[in-house]
Amino acid sequence: MPGKGLIVRQRSLIAITAALAAGALTLTACGSRDEGGSGGSDNGGGTTVVIGVDAPLTGDLTALGLGIKNSVDLAVKTANKDKYVDGVTFEIQALDDQGQPSSGQQNATKLVADEKVLGVVGPLNSSVAESMQKVFDDAKLVEVSPANTNPALTQGPNWQTKKERVYDSYFRTATTDAIQGPFAAQYVYNDAKKKKVFVVDDKKTYGAGLASTFTAEFKELGGEVVGTEHVNPDTKDFSAVVTKIKNSDADVVYYGGEYPVAGPLSKQIKKAGKDIPLVGGDGIYSADFIKLAGTEGTGDLATSVGAPVEDLPSAKEFVANYEAEGYKEAYEAYGGYSYDSAWAIIEAVKKVVEDNDGKLPDDARAKVTEAMQNVSFDGVTGKVSFDEFGDATNKQLTVYSVEGGQWKPVKSGTYTG
Amino acid sequence: MSGISPVEPGEGTRAGDADPDSRPVPGTPRQRLTEWYTRHRRPMLAGASAAVLLAGGGSFYATRDKEPEPPAVHPSQTVRVTYLGAESPPPSAPTRSFSFAVRVTALPGPPVTVTRISQPYAAVSLTSAPRPPFSAKAGFARKIVITMHVMDCSHVPGNAGLPFLDVTLRNTNAIDNHSFILGERYAQDVSQALRAGCADDPESSPKPLNTTEIIRAHPASSHYPDRANQPEFRSSTHRVPLCNTSCHNKRVTASDRLSSAFPAHA
């Protein structure tokens, strides 16, 4: 309990602070601000800029989606607290896409209609991103995904033979499956010494793409694909597929998809008596996978984008601030990348405002999109900047293993090509 | 006013009122101590004051608000390894050897020691010049020549898209075994060198795309248990890699290989 003297001093401080705040508000109110129909809104004391968030906030992928939303919220609060962009207050508008492309597209249309929105973080799913990209690009509204890994989103549908950027407004902070799949294959074949794989995917953009890049590299290394199957992500009974896996001589299962399927699939494979690990990508790297797989999930592997956030000195402040804010949900696999995605938008807005005498220009969205290409800062996940396709220049990956009911990092890699 | 001290000295409060028995007896140790103290009173007081100040200062220093310690940095976050290109293998290299150079760069952070450089293929061994361990402080940028030796042509990868170079790094905080994925050009050069190195013996050449069939067709019996029977690759015209700018044009790129496998959008 503070002493009386301290209370008196605190009262004095409060009085002085109040007086200074009142003065500052008066001065701010006296200043004129002409927004000229640009994005953002003048709230009398400055401009409000909205950063949209699109992620699955309900449904099976809620854990990852809420981690994204909370992390963007933290970035916005930090920018406002530090008054990082003079005269600009940031807000977020988070919309739920439920992991569905159609919902994502509706959300994109809604965000475009709000002129205060100058950038969007999201979505989680590559298939959802596909449905949103054109809507945003037509409106020159910048989109930065912390989680999309399908290479085609940045490098075009023919990325394998001719990389070609389709949408100038699309950026991402996550590494692509062009690296993640082969990275997983190299680890599974060379380090885990697994030579015969049964490949399962959910037929979605992300899952099928990742399974494909994994398979190609695994075969190049000398591994054998002893079976392939597709599953419906809306079902939870995989007995038909499990029987095929059980009857194969596979020593590992690779699953291209997300944890709502991967967890039960892993459990059912082991329950059937086939004690082989299930390996997946960043889509299964969630605490919810472990809950769904149960103790049978021990030894399963996942690759995920980036180095373990807890190991990065640049992430310690993020982790501490996230805890201090008291968010109920964990930041999960994409928290650091979501914070960095939001901060990239904040940096772009700052650049645009500073280049326009402290005000947002009329064509703020186009200018923010243009500025994003040259954004560069030290973020939670390391250096954040983008290449000519809108892909992150910082390409790190980590293999995690389920041990003791938790994901434990096993090996990390950095792409320096 | 309510003073609590006596207005005048009370009985027994004057020096002269003290009990005569309590005065030091001349010649006794107490008397000698008293006399010594009287003679050295000023230096004694000065010394005591200095000791108190020193103790106070020390206590203040020990309990001061310390600068936050720099966060523990993993060595893998402060070292970069980038591919430079093919090199001629050293004259002492065994047959089926090829060389390339990488640059190891140390970013700002605690000094790092490179304790090991390896690659993941069981059929290939690796040496480097300089040999680990070597230290890398901030600003360090050094060319390292890697020489790989193919020990078993039947088990080298056919056309891997993203081979690793594994580097073990140590600093005062941690030891990391980190994979550096050196990119397409490195992958192409390694694949080309492996193919060239094993090309003269079809029984043991690296596996092409359909690896399942090759594994069945070329069991482990196609190894070279006797090095004397191995083809010679280190002659001037067959040394691998024969990689210069022109040979890059002949290579199948990683993207090409993936194109047939990657599906249209789901």
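The values are calculated or read from the model by the stated rules, or taken from the named source; none is laboratory data. This one's a predicted model, so the numbers in the text were calculated from it and none came from an experiment. Cβ: placed from backbone, ideal geometry, glycine included. Neighbour counts: every protein chain shown. Ligands, DNA and RNA are excluded from the accessible area calculation, which covers all protein heavy atoms including side chains. Shrake-Rupley method; radii C 1.70, N 1.55, O 1.52, S 1.80 Å.
For the pairing of chain B with chain A, what total accessible surface becomes buried, with a 1.4 angstrom probe, in square angstrom to the nearest 100?
Working: alone 17300 and 17950 Å², together 31670 Å².
Using a 1.4 Å probe on protein heavy atoms, the buried area is about 3600 Å².
How about region A:387-417: which of its residues lose at least 10 Å² of accessible area in the presence of all protein chains relative to their chain isolated, using a 1.4 Å probe?
Residues of region A:387-417 that lose at least 10 Å² of accessible area once the other chains are added: A:Gln396, A:Lys411, A:Ser412, A:Gly413, A:Thr414, A:Tyr415, A:Thr416, A:Gly417.
Just to be sure I follow the definition: excluding the sites themselves, where is the longest run in chain A that has none of the trypsin sites (Lys or Arg not before Pro) in a DSSP loop with at most 12 other Cβ atoms within 10 Å?
Working: sites that count: A:Lys83, A:Lys162, A:Lys193, A:Lys328.
It works out to A:194-327.
What percent does the relative contact order of chain A come to when contacts are Cα pairs within less than 8 Å and at least six residues apart? Numbers along the way, then the final one.
Numbers: 904 pairs, mean separation 74.3, N = 417.
Contact order relative to length: 18 percent.
Could you state the accessible area per residue of chain A in Å², with a 1.4 Å probe and every protein chain left in place?
For chain A, the solvent-accessible area averages 39 Å² per residue.
Specify the angular offset, from 0 to 90 degrees and rounded to the nearest 10, of the alpha carbon long axis of helix A:177-186 from the longest principal axis of the alpha carbons in chain A.
40
On full extension of the chain, what length is gained from A:Lys246 through A:Glu325, given 0.36 nm per residue of separation minus the C-alpha to C-alpha distance?
Working: separation 79, 0.36 × 79 = 28.44 nm, distance 4.65 nm.
Additional length available on full extension: 23.8 nm.
Within straight cross-link reach of A:Lys350, meaning Cα distance under 17 Å, which lysines are found once same-chain residues fewer than 8 apart are removed?
A:Lys350 reaches A:Lys77, A:Lys81, A:Lys83, A:Lys116, A:Lys359, A:Lys367.
Using the Cβ atoms and a cut-off under 12 Å, what net charge is assigned to the surroundings of B:Val79, where Lys and Arg are +1 and Asp and Glu are -1? Before the final figure, lay out the partial values.
Working: positive: B:Arg80, B:Arg103, B:Lys137, B:Arg142, B:Arg170; negative: B:Asp176.
Value of the local net charge: +4.
Let me cross-check B:Cys153: its accessible surface, 1.4 Å probe, with only protein heavy atoms counted, in Å² to the nearest 10?
Per-residue accessible area (B:Cys153): approximately 0 Å².
Given the -39500 (n - 2.57) contribution per DSSP H run of 4+ residues, what per-residue ellipticity at 222 nm results for chain A, rounded to the nearest 500 deg cm²/dmol?
Values: 13 runs with 171 residues, N = 417.
That comes out to -13000 deg cm²/dmol.
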